[in-house]
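Colleague: Quick one: this structure, given as structure tokens, is what I'll be asking you about.
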Amino acid sequence: MGRVSRWDLVVVGAGPAGSAAALGALRARPGARVLLLDRADFPRDKSCGDGVAPHALDELARLGVGDLLADRVPVRRLRLVSPGGQEVATRMRRPTWVVPREVLDARLVQAAVDAGAVLERRTVRRLDDLDAEVVVGADGANGVVRRLVGAPRQPGHALALAVRGYAPSPPGDEPEQAIVMDASGWPAYAWRFDAGDGTSNVGFGMLLPHLQARGDAPKEYLHRRLVELLPGTEATRLVSHHLPLSSARPAPAHGRVLLAGDALSLINPLTGEGIYYALHSGRLAGQAAVLSPADPGPAYARALRAELGRHLRHTTALARLTRRSGVVDAGVAAAGRSPAAFDALVEVGLGRGLITAPLVGGMARHVGRRLVRR
Ligand SMILES: Cc1cc2nc3c(=O)[nH]c(=O)nc-3n(C[C@H](O)[C@H](O)[C@H](O)COP(=O)(O)OP(=O)(O)OC[C@H]3O[C@@H](n4cnc5c(N)ncnc54)[C@H](O)[C@@H]3O)c2cc1C
């Protein structure tokens, strides 16, 4: 008879992916022995835009914590400025939330503990002393689990770096999420995400090879572009961090080790959003871990493919197409003219949307108009 492990599931990393893995496992099999490890104490900061998509709220509901952000201010307005200056500012079909990660992640960890997970502060450096049936690697962009299972490093063409800070919100009627794209370092953009409490999360990010090619000190350059694109912004608490983009992902399962969230390079290559994917993949990994403990990999890979496969193929294709900034100008112009195209753009950038007919049609019409004008 095989030896029984002490834990049904050990989760490395207690960010959104890790907490969702613990919650997903405990909802699928109440009473499962789940250990949640993180090198940090919570609450802890994490460099992020703090934008929480409506799809992430759906995931929270699936994890049984749908009221986790009930006290936060919904942000309904989105402003997009394309590299060529096309602009759209309108209300989204569903609101987003802007929640400092010190708040969001601590609440998620507490929910996992309330559901029965054991939380321990520990820096994981090897896997063979974890004493688990299944391990979920949810240790983020620069995590060790991915390296320890022999998965390849993130290639430079699918790696971005962004700096984030906090600044007072500009006076205005309604909180909004603003994204100002940068023609000079494209693909690159600055953001100002108003939390609705007088503070905004601000930042700027770009592809790492483009940044390195400039030869400037990375963080200083990112900060300078942030201020140039969002004039008057006086940001404090600046921190930079990598974003492994989903256009190049490792395999999700390596024997009985599953990767989730940033450790699986699940960041939208168009927008840099990763919290929704982290919650989603974490939940699926946790479920597979306790429902198919002998061989969780195929179940996890199947579930991921079924739920995100087409969307990830579409965003990868779009990321390639939008390397030409004119394509983005056409997309934003289309979104300004047609609510259906705007909704499609939001779905593909924040959730699990696909390239749709109204979006493609609107872009083609914009390009046609420009050609006629010329
Ligand atoms: C500047 C910036 C802005 C962003 N803006 C947005 C945004 O507005 N909206 C959005 O949806 N996404 C955004 N993202 C992406 C988002 O931050 C990530 O996708 C998300 O944090 C992924 O969650 P995770 O749980 O996979 O990893 P993380 O949140 O990074 O959590 C990983 C955890 O693992 C722990 N850990 C690491 N190594 C070890 C170890 N060896 N042992 C134990 N514990 C370990 C860490 O302490 C950490 O708590 C942004 C990213 C950046 C860098």
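Colleague: Restricting attention to region 160-176, report how many residues are within 16 Å of the ligand (Cβ to nearest atom) and more than 28 Å from Leu207 (Cβ to Cβ).
Modeller: Within region 160-176, the first condition is being within 16 Å of the ligand (Cβ to nearest atom), and the residues that meet it are 160-167, 169, 175-176.
The next check asks that each one be more than 28 Å from Leu207 (Cβ to Cβ); those that pass are 169, 175.
Selection size over region 160-176: 2.
Colleague: In addition: Which of (1) within 10 Å of the ligand (Cβ to nearest atom); (2) open to solvent by 50 Å² or more (accessible area, probe 1.4 Å); (3) at positive phi; (4) of a type outside the set (Asp, Glu) is the odd one out, the single condition Gly150 does not satisfy?
Modeller: Among (1) within 10 Å of the ligand (Cβ to nearest atom); (2) open to solvent by 50 Å² or more (accessible area, probe 1.4 Å); (3) at positive phi; (4) of a type outside the set (Asp, Glu), the lone unmet condition for Gly150 is (1).
Colleague: Taking Gly185 as meeting all but one of (1) at pLDDT 95 or above; (2) crowded, with 17+ Cβ neighbours inside 10 Å, write down the number of the exception.
Modeller: The one condition Gly185 does not meet is (1).
Colleague: Within region 65-80, work out how many residues are touching a strand residue (DSSP E or B) at 6+ places or on another chain (Cβ under 8 Å), open to solvent by 60 Å² or more (accessible area, probe 1.4 Å) and among the hydrophobic types (A, V, I, L, M, F, W, C).
Modeller: Of the residues in region 65-80, 0 are touching a strand residue (DSSP E or B) at 6+ places or on another chain (Cβ under 8 Å), open to solvent by 60 Å² or more (accessible area, probe 1.4 Å) and among the hydrophobic types (A, V, I, L, M, F, W, C).
Colleague: All but one of (1) under 27 Å from Arg91 (Cα atoms); (2) over 16 Å from the mean Cα position of the chain (by Cα) hold for Val163; which doesn't?
Modeller: (2)
Colleague: Which members of region 188-218 meet the condition of being open to solvent by 60 Å² or more (accessible area, probe 1.4 Å) and in contact with a Gly (Cβ under 7 Å, 6 or more places away or on another chain)?
Modeller: His210
Colleague: If I ask for residues that are within 16 Å of the ligand (Cβ to nearest atom) and on the phi > 0 side of the Ramachandran plot, which ones from region 30-89 would you list?
Modeller: Result: Asp50, single match.
Colleague: Within the group Thr123, Thr90, which residue is in the same structural domain as Leu259 (by TED's automatic domain parsing), of a type in the set (Val, Ile, Thr) and open to solvent by 40 Å² or more (accessible area, probe 1.4 Å)?
Modeller: None of the others qualify; the one that does is Thr123.
The values are calculated or read from the model by the stated rules, or taken from the named source; none is laboratory data. As the structure is a prediction and not an experimental result, all values here were calculated from the model. Glycine also receives a Cβ, built like all others from the backbone with ideal geometry; neighbour counts cover every protein chain displayed. The accessibility values were calculated without ligands, DNA or RNA, using every heavy atom of the protein model including side chains. Shrake-Rupley method; radii C 1.70, N 1.55, O 1.52, S 1.80 Å.
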